[in-house]
Amino acid sequence: MITVYSLGVLLFAYLLGSIPTAVWLGQAFYGIDVREYGSGNAGATNAFRVLGKKTGIAVMSIDIAKGFTATKLAAFIGFSITGPHHSAQYVNYELALGVTAVMGHLFPIFAGFRGGKGVATLFGMILAVNYEAALLCVLVFVVVLLITNYVSLSSICAGFTFPLSVVFIFQSSIKSEVLYGMCVCILILVTHQKNLERLLKGKESKVYLFKKKIK
């Protein structure tokens, strides 16, 4: 059941996702548009490269919060429409809101529709829908990052972990959640196409979170 109120909540989710964290922080504290440097994206990974660790962490945290908060807006639509918590209908509304926020991050109205790749916002969405699978994704992300120092590769591996864990470990019975997991894989592959090309050529930039690069 679609109502004017539920459509308004979807619009709010898009506007929330459209907050260009990396762009605004870069302009406010460094006087630059992060999209003009590094990979040219307005996401956490490029913020780490261009603006440094502290700002990168801030961007990542806020972008995760965007996805999480937007997804949890389902609670404000009303159970008479969404159904009870953890029901298939409720999860469908959560997914719809989360996807809308991710689209806002990819195509932000507040930044000329030039956003980031949506990984952090996607994670916030996953955290809201299935926190156990989200924590497993974090574990995979950290392990791959520690081994390779490639944020892009870590994001791709973590993205593929979600649908696999939902199906084989947590055995979700909600078809839309499984379908969403498959869509996450496709989205991450599409948005990281250039990263994959650089990885294959050995030209992808590394991010050293826990140690300095030795020249």
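The values are calculated or read from the model by the stated rules, or taken from the named source; none is laboratory data. Source: prediction; values computed, not measured. Cβ sites come from the backbone with ideal geometry, for glycine too, and all protein chains shown count toward neighbours.
A search for C-beta distances below 9 Å between a residue of the range 46-66 that is in contact (Cβ under 8 Å) with a residue 40 or more places away in the chain and among the basic types (Lys, Arg) and any residue that is part of a helix (DSSP H, G or I) and surrounded by fewer than 22 Cβ atoms within 10 Å (Cβ to Cβ), counting only pairs 6+ apart in sequence or on different chains, returns LYS66/LEU16. With respect to (1) closer than 27 Å to LYS72 by Cα; (2) surrounded by fewer than 22 Cβ atoms within 10 Å (Cβ to Cβ), the lone exception for LEU200 is condition (1).
If you check LYS215 against the conditions, is it at pLDDT below 85, surrounded by fewer than 16 Cβ atoms within 10 Å (Cβ to Cβ) and not in a helix (DSSP H, G or I)? Here the answer is yes, as LYS215 does meet what is asked. Note on the range 86-122: residues that are within 19 Å of ASN46 (Cβ to Cβ) and of a type in the set (Phe, Trp, Tyr) amount to 3. Identification of helices (runs of 4 or more DSSP H) wholly contained in the range 1-77 with 2 or more residues that are among the β-branched types (Val, Ile, Thr) and surrounded by 14 or more Cβ atoms within 10 Å (Cβ to Cβ) yields 21-29, 44-51, 53-71.
Restricting attention to the range 72-107, and to residues there that are farther than 18 Å from LYS175 by Cα and polar (S, T, N, Q), which single residue is modelled with the highest pLDDT? Among those residues, the one meeting the criterion is THR100. Scanning the range 12-29 for residues that are touching a Ser or Thr at 6+ places or on another chain (Cβ under 8 Å) and either charged (D, E, K, R) or without any contact (Cβ under 8 Å) to a residue 40 or more places away in the chain (or both) yields LEU25, GLY26, PHE29.
Taken as a whole, the range 97-111 holds no residue that is of a type in the set (Ser, Thr, Tyr), in contact with an Asp or Glu (Cβ under 6 Å, 6 or more places away or on another chain), in contact (Cβ under 8 Å) with a residue 40 or more places away in the chain and closer than 19 Å to GLY17 by Cβ. For the range 204-211, indicate whether the set of residues that are crowded, with 19+ Cβ neighbours inside 10 Å and closer than 27 Å to LYS72 by Cβ is non-empty. Checked the range 204-211: no residue is crowded, with 19+ Cβ neighbours inside 10 Å and closer than 27 Å to LYS72 by Cβ.
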